[in-house]
Amino acid sequence: MAERKPIESWLTDMDGVLIHEGVPIPGADAFIKRLTESGRPFLVLTNNSMQTPRDLHARLSRLGLEVPVENIWTSALATAKFLDDQRPGGTAYVIGEAGLTTALHDIGYILTDTHPDYVVLGETRTYSFEALTKAIRLINNGARFIATNPDETGPSTDGPLPATGSVAALITKATGREPYFVGKPNPLMMRAGLNKIGAHSETSAMVGDRMDTDVLAGLEAGMETFLVLTGLTRTEEVERYPYRPSTVADSIADLVERV
């Protein structure tokens with residue numbers, strides 16, 4: 001493997017890397033503190049679109065992880081950035097929570113169920129049959145189909161929950177229309193995040209717990225990649241993929257000295 005330039009900027013996933021089932025992962029506080037004190041540009045990323053950066057900042061702060069609001073990048077923000085670039089001042093029918101609706105309001109989008117430019121599907125714990133039916137009919141009538149992320153399940157203390165990817169599959173089955181997924185592993189989310197902090201891929205690293213989203217997104221964005229084994233991907237699963245992370249580490253604690 002060609003020698004890479006020193007790492008100057010860091011992107012790190014949240015669930016499975018910094019926290020797991022609502023509990024901080026040992027070493028996460030030291031990693032965030034080291035990043036903050038170093039002055040290096042960094043972002044904490046999440047494919048979950050439910051919460052705003054302010055909500056996530058408060059949640060992490062309660063767990064002892066002090067991540068500034070401006071250092072949080074969600075699939076909802078990436079989706080809003082994409083739509084603002086594609087069709088400024090557009091309209092959308094949204095299935096999702098405050099993280100997504102706030103991001104779209106902030107770029108000047110009008111949320112409506114009357115001839116919207118887009119149907120935008122995000123994460124929610126209260127997917128309703130009525131809302132899904134409306135989305136299907138709007139897509140059949142010409143609305144473009146966007147989804148914040150392709151994750152099929154999400155974590156909870158009681159086990160996996162159906163997530164955006166699973167619900168998107170239901171809509172696709174009913175309409176024959178595939179959504180455009182903005183979140184990981186789409187490198188668009190990574191590149192938009194790098195642009196946000198003024199970083200360059202050749203001197204940036206991505207830390208994640210999933211080979212199929214975090215590592216793949218980092219790889220396709222041209223970044224150095226670190227897989228930690230505190231989340232979804234197990235050691236024995238790494239070799240099943242046709243691509244590899246730059247480094248496999250037991251946990252985020254092993255990366256503190258790299259910052």
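In region 128-168, which residues are in contact with a strand residue (DSSP E or B) (Cβ under 9 Å, 6 or more places away or on another chain), among the hydrophobic types (A, V, I, L, M, F, W, C) and not in a loop (DSSP other than H, G, I, E, B)? Passing the criteria: ALA131, LEU132, ALA135, ILE136, LEU138, ILE139, PHE145, ILE146, ALA147, LEU161, VAL167, ALA168.
For region 196-234, filtering for residues that are polar (S, T, N, Q) and within 24 Å of SER156 (Cα to Cα) leaves 3. On inspection, LEU56 fails the criterion of being farther than 23 Å from LEU232 by Cβ, assigned to a helix (DSSP H, G or I), outside the structural domain of MET14 (by TED's automatic domain parsing) and touching a residue at least 40 places away in the same chain (Cβ under 8 Å). Of all residues in region 2-15, those satisfying the criterion of being at pLDDT 95 or above and of a type outside the set (A, V, I, L, M) are GLU8, SER9, TRP10, THR12, ASP13.
For region 150-173, a residue qualifies if it is touching a Leu at 6+ places or on another chain (Cβ under 9 Å), among the small types (Gly, Ala, Ser) and closer than 13 Å to GLY231 by Cα, and exactly one does: GLY154.
Close Cβ contacts (under 6 Å, 6 or more residues apart or on different chains) running from residues in region 1-24 that are under 18 Å from GLY183 (Cβ atoms) to residues that are assigned to a strand (DSSP E or B) and among the small types (Gly, Ala, Ser) comprise ASP13/GLY208. GLY39 meets all of the listed conditions (1) at pLDDT below 95; (2) of a type outside the set (S, T, N, Q); (3) at negative phi; (4) more than 16 Å from the chain's Cα centre (by Cα) but one, namely (3). Exactly one residue out of THR102, THR74, THR126, THR148 is at pLDDT below 95 and within 30 Å of VAL23 (Cβ to Cβ), and it is THR126. Scan region 201-215 residue by residue and report those that are part of a strand (DSSP E or B) and either among the polar types (S, T, N, Q) or farther than 18 Å from LEU35 by Cβ (or both). If the condition is that a residue be part of a strand (DSSP E or B) and either among the polar types (S, T, N, Q) or farther than 18 Å from LEU35 by Cβ (or both), then SER204 is the only one that fits. Going through (1) crowded, with 20+ Cβ neighbours inside 10 Å; (2) within 23 Å of the chain's Cα centre (by Cα); (3) in contact (Cβ under 8 Å) with a residue 40 or more places away in the chain one by one, ALA143 falls short only on (2). Answer yes or no: is there a residue in region 111-125 that is loosely packed, with under 13 Cβ neighbours inside 10 Å, in a helix (DSSP H, G or I) and within 18 Å of the chain's Cα centre (by Cα). No: zero hits. Would you confirm whether any residue within region 234-241 is part of a loop (DSSP other than H, G, I, E, B) and either touching a Lys or Arg at 6+ places or on another chain (Cβ under 8 Å) or more than 25 Å from LEU43 (Cα to Cα) (or both)? Within region 234-241 (the criterion being part of a loop (DSSP other than H, G, I, E, B) and either touching a Lys or Arg at 6+ places or on another chain (Cβ under 8 Å) or more than 25 Å from LEU43 (Cα to Cα) (or both)), the answer is yes, since at least one residue qualifies. Please enumerate the residues belonging to region 172-192 that are surrounded by 22 or more Cβ atoms within 10 Å (Cβ to Cβ) and out of contact with any helix residue (DSSP H, G or I) (no Cβ under 6 Å at 6 or more places or on another chain). If the condition is that a residue be surrounded by 22 or more Cβ atoms within 10 Å (Cβ to Cβ) and out of contact with any helix residue (DSSP H, G or I) (no Cβ under 6 Å at 6 or more places or on another chain), then PHE181, ASN186 are the ones that fit. Of the residues VAL228, VAL167, VAL215, which is buried (at least 16 other Cβ atoms within 10 Å of the Cβ), in the same structural domain as TYR93 (by TED's automatic domain parsing) and either farther than 30 Å from TYR127 by Cβ or touching a residue at least 24 places away in the same chain (Cβ under 8 Å) (or both)? Going through VAL228, VAL167, VAL215 in turn, the sole match is VAL167. Summed over region 17-52, residues that are under 18 Å from ALA205 (Cα atoms) and β-branched (Val, Ile, Thr) total 5.
The values are calculated or read from the model by the stated rules, or taken from the named source; none is laboratory data. Just so it is clear, the structure is predicted and the values come from calculations on it, not from any experiment. FYI the Cβ positions are ideal-geometry reconstructions off the backbone, even for glycines, and counts take in every protein chain you see.
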